[in-house]
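Colleague: Structure in structure tokens, see below.
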Amino acid sequence: MASEPEPGGTPIGRRLLLGTLGLGALGVAAAPTLQRGLESFLGGAADKDPTGLTGLLPNGGGFRYYSVTSSVPKKGENDYRLTIDGLVDRPTTYTLDELRALPQTRMVRDVQCVTGWRVPDTPFEGVRLSQLLDAAGVRSSAGAVRFTCFDGAYSESLTLSQARRDDVLVALRMQDKNLSHSHGGPVRLYVAPMYFYKSAKWLSGITLTSDVRPGYWEKRGYDVDAWVGRSNGRDDEVT
Ligand SMILES: Nc1nc2c(c(=O)[nH]1)N[C@H]1C(S)=C(S)[C@@H](COP(=O)(O)O)O[C@H]1N2
Ligand SMILES: [Mo]
């Protein structure tokens, strides 16, 4: 199990699962070790780097790969499904093609992880969550949305009014490419105004519930209302 360090804290006990993300031209065998060293260096230094030079190091274009499970199945064209159920009139299952056929929204905002790293101006593109909620017919008894993932472990939550915001997407593309497996492809949640832990990777389930059910990291101490700059004891600039 990989774990995120505490918000604003040191990277203790972090065992990142690095895959091939961001290794670029650095070969294969030696690269994970190198990347791990770089990670722990950046974990301590990036927050306080007055020069901004740590942002230029080859750590995956500024992104770090996180997964709470040691492996995640790959899903694609034929076997990916997204289910919307719970307190809805019309439970629905979408294929990738069906999601692609819906109107797509593109947004370019900064990404901010609660551990401190930030990636400027990152394009995300996908279907507005509000559109999927409207199509499913949310019942008046619903007050929140629970998100589950095909890694079998991660989960997230939003209140219904947060979920209906225009800047919350069921994202199919990131950085103007189809979402890679490492970044949570083929489909991840994207919650633009909140810390990146809200943006659940490998999204497979959207369930309407009466009340918020705290997600994976929220059960482990992260704020459920994860507004960038006004939660988790941090004061980052809004995204
Ligand atoms: N399924 C799943 N989604 C997840 C996570 C995870 O471990 N599993 N980590 C979250 C956290 S804390 C961050 S910062 C981002 C990291 O996204 P990236 O791997 O694309 O950089 O994914 C979020 N979504
Ligand atoms: Mo994060």
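Laboratory data are not the source of any read-out in this text; all were calculated from the coordinates shown. Fair warning: this is a prediction, and the values are worked out from it, not measured in the lab. Positions of Cβ are backbone-derived with ideal geometry, glycine not excepted, and every protein chain shown enters the neighbour counts.
Colleague: Less than 11 Å Cβ to Cβ from residue 90, Lys/Arg counted +1 and Asp/Glu -1: what total charge do the surrounding residues give?
Modeller: Within the 11 Å Cβ shell, the charges total -2.
Colleague: Could you tell me which trypsin sites (Lys or Arg not before Pro) in the range 123-227 are loop residues by DSSP with no more than 13 other beta carbons within 10 angstrom of their beta carbon?
Modeller: Answer by residue number: 139, 219, 220.
Colleague: Here is a further query. Give me 64, 234 sorted ascending by neighbouring Cβ count inside 10 Å, so fewest comes first.
Modeller: Fewest-to-most Cβ neighbours within 10 Å comes out as 234, 64.
Colleague: Which net charge results for the neighbourhood of residue 155, defined as the other residues with beta-carbon distances under 14 angstrom from its beta-carbon, given Lys and Arg at +1 and Asp and Glu at -1?
Modeller: Every neighbour counted, the sum reads +4.
Colleague: Give me 113, 149 ranked fewest to most by other Cβ atoms within 10 Å of their Cβ, as a rough exposure proxy.
Modeller: Listing 113, 149 from fewest to most nearby Cβ atoms yields 113, 149.
Colleague: Please work out the FRET efficiency for the pair residue 140 and residue 100, using the Cβ-Cβ distance as r and a Förster radius of 35 Å; give the result to the nearest 0.05.
Modeller: Taking R0 as 35 Å, the efficiency between residue 140 and residue 100 is 0.65.
Colleague: Give the Debye-formula value of log10 I(q)/I(0) at each listed q (0.19 Å⁻¹), with one equal scatterer per alpha carbon of the range 101-185, two decimals each.
Modeller: Calculated log10 I(q)/I(0) at the listed q: -1.05.
Colleague: If the chain between residue 159 and residue 230 were fully stretched, how many nm would it gain, using 0.36 nm times the residue separation less the Cα-Cα distance?
Modeller: Separation in residues times 0.36 nm, less the Cα-Cα distance, equals 23.9 nm.
Colleague: Suppose we keep just the DSSP beta bridges with both residues in the range 73-239; what percent of those would be antiparallel, to 5?
Modeller: 90
Colleague: Further question: Cα convex hull of the range 125-239: how many Å³ per residue?
Modeller: In the range 125-239, the Cα convex hull volume per residue is 102 Å³.
Colleague: Let me ask something else about it. Among 71, 157, 180, which comes first, second and so on when ranked by fewest other beta-carbon atoms within 10 Å?
Modeller: 71, 180, 157
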